[in-house]
């Protein structure tokens, strides 16, 4: 059986989609490693400095405007910012393709994102952290070390994210 050119293209596209662009060797975003410091502009024309959030748990969700799974994760992360048990954490969405600001605004407004949306122009921060797929979520602990890195998004990954945050916040609960 011979495949037509369109059949070959379809198989290639499906393989790329299903295989994703995952890489398990993420040298700069390894658990336990010190994260890089960065400054990014927000969609609200402010500046976000990572080092200003030292002492807090920081959740960074790397996403792109075309990514459906990313949008689902961004919505789910809103529940963290509203939940009393996660009080004091910092959640930020890092858009790796902010070339069309109007698209980024439309998406975040339609999703009612109420936490900072950071604009990683030319994906400079993503490259420094060796983010190789979207969505990718990094959790940075109170001392500035990467506590968790997860690529992709589903209910199981969100449970891992929440459990990691709860573990990081546990010492704070004991001191109250």
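Quick rundown of the values:
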{"quantity": "Residues of the stretch 14-47 that turn out to be exposed (fewer than 13 other Cβ atoms within 10 Å of the Cβ), outside any loop (DSSP other than H, G, I, E, B) and modelled with pLDDT of 90 or more, as a count", "calculated": "2"}
{"quantity": "Where a residue in the stretch 46-74 is free of Cβ contacts under 8 Å to residues at least 24 places away in the same chain and its partner, wherever it lies, is crowded, with 19+ Cβ neighbours inside 10 Å, with Cβ under 9 Å and at least six apart", "calculated": "47/40; 49/40"}
{"quantity": "Given (1) surrounded by fewer than 22 Cβ atoms within 10 Å (Cβ to Cβ); (2) out of contact with any helix residue (DSSP H, G or I) (no Cβ under 6 Å at 6 or more places or on another chain); (3) modelled with pLDDT of 95 or more; (4) assigned to a helix (DSSP H, G or I), index of the condition residue 76 fails", "calculated": "(2)"}
{"quantity": "From 141, 120, 97, residue being modelled with pLDDT under 95 and surrounded by 14 or more Cβ atoms within 10 Å (Cβ to Cβ)", "calculated": "97"}
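The values are calculated or read from the model by the stated rules, or taken from the named source; none is laboratory data. Given the structure is predicted, the values throughout are model-derived calculations rather than measurements. Glycine also receives a Cβ, built like all others from the backbone with ideal geometry; neighbour counts cover every protein chain displayed.
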